[in-house]
1. With L12, L91 as the choices, which residue is assigned to a helix (DSSP H, G or I), within 14 Å of E107 (Cα to Cα) and touching a strand residue (DSSP E or B) at 6+ places or on another chain (Cβ under 9 Å)?
2. Can you tell me how many residues in the stretch 1-24 are under 20 Å from M70 (Cα atoms) and open to solvent by 40 Å² or more (accessible area, probe 1.4 Å)?
3. Output the number of residues of the stretch 68-90 satisfying the condition of being touching a residue at least 24 places away in the same chain (Cβ under 8 Å) and open to solvent by less than 50 Å² (accessible area, probe 1.4 Å).
4. Note down all Cβ pairs under 6 Å where the first residue falls in the stretch 144-158 and is in contact (Cβ under 8 Å) with a residue 40 or more places away in the chain and under 15 Å from K33 (Cα atoms), the second is in a loop (DSSP other than H, G, I, E, B) and open to solvent by 10 Å² or more (accessible area, probe 1.4 Å), and they're at least six residues apart or on different chains.
5. Yes or no: the stretch 98-114 includes at least one residue that is at pLDDT 90 or above, in a loop (DSSP other than H, G, I, E, B), open to solvent by 20 Å² or more (accessible area, probe 1.4 Å) and under 17 Å from L7 (Cβ atoms).
6. Out of the residues in the stretch 43-55 that are farther than 14 Å from F65 by Cβ and outside any strand (DSSP E or B), state the one that is least open to solvent (accessible area, probe 1.4 Å).
7. Restricting to the stretch 247-273, what's the tally of residues that are among the β-branched types (V, I, T) and touching a Ser or Thr at 6+ places or on another chain (Cβ under 6 Å)?
8. Of the conditions (1) at pLDDT below 70; (2) within 23 Å of the chain's Cα centre (by Cα), P194 fails just one. Which one is it?
Amino acid sequence: MPDMQQLAESMLAAAGAVLGRLVEQPATVADTKRDDHEGSIRTDGDALATLAEIPSLGAQIVVRFPKPDMQQIVGLMLGGDEAVEMGPMQLSIASETVSQIANAMVEQLAKDIGTSADGVHAALCNDATLLPPPPFESYSGSVLVGELKPRISIDFAAITLSKLGVSATATAAAAEPVKSEPKPAKPGRPAPPPPDAQNVAYTPLQPTPVRTATPGQANLDLVHDVPLQISAVLGKTIMPLREVVSLQSGTVFELDKLAAEPIDLYVNNILIARGEVVVVDDKYAVKISELNPTAGG
């Protein structure tokens, strides 16, 4: 049976190695202790919660980072020595940073328990319903980076402990879901006639050359190589299950945006801009029309 205290210390050491590399300063771990989280974990509080998964076990682990600590870390990564306000771009940097740290932590966990690390991944979670339910066995520790002491918490749900081969002595066993008799299916309503669909023509353009940084701006060299996932969202809609399962080739459904409205651009699931769909060398592209659209909201 693995020692959870030792596993947590090893995971925090992996976190310190990644954080030290990102800020180019030596990092050490101190004050690791049992610190159980009570109740469900929230994603709208004062901490950034990442959800990490080890597919070979089907196990999920939550790693939490206090927002004030991450504001200081992002400020350090941007070449300053003070905490920064979490605007869209700063939150994107923080999101990628905590994801890299949590990913390294669960990779170390997989190595320590002797299971495959293939497919291990971690990402910032903004939907608390995706997190495992309580009770939790939690551990926390401080990563000493210069004068900063960011604290990192690791939460193991009872079902995760069972998959790790640990008897959750301090936590109640995960409750089995109550099975209910299936209800007879209600007769479905007839599907509405499909809307009149028309093809959209996009303006052909050329890509905008990348500009060099303006002298005097914040030093971004430390984060230039951090990969960020950018998504261009044409629109969204909500459909009942009966319509989703009836989708087939040729089906047309409407989205929540008009054809003339700009599309939304997300970096790591954070809205940073809006723009117009164009075509560059027979490929879809986006022409930016508005930056930080939520800044005034």
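1. The match here is L12.
2. 4
3. 9
4. D155/H37
5. Within the stretch 98-114, one or more residues are at pLDDT 90 or above, in a loop (DSSP other than H, G, I, E, B), open to solvent by 20 Å² or more (accessible area, probe 1.4 Å) and under 17 Å from L7 (Cβ atoms).
6. Within the stretch 43-55, the match that is least open to solvent (accessible area, probe 1.4 Å) is P55.
7. 2
8. Among (1) at pLDDT below 70; (2) within 23 Å of the chain's Cα centre (by Cα), the lone unmet condition for P194 is (2).
The values are calculated or read from the model by the stated rules, or taken from the named source; none is laboratory data. Since the model is a prediction, treat every value here as computed from it, not as a measurement. For neighbour counting, all protein chains shown are included, and Cβ atoms are generated from backbone atoms with ideal geometry for every residue, glycine included. Protein only, heavy atoms only, side chains kept; ligands, DNA and RNA dropped before computing areas. Shrake-Rupley method; radii C 1.70, N 1.55, O 1.52, S 1.80 Å.
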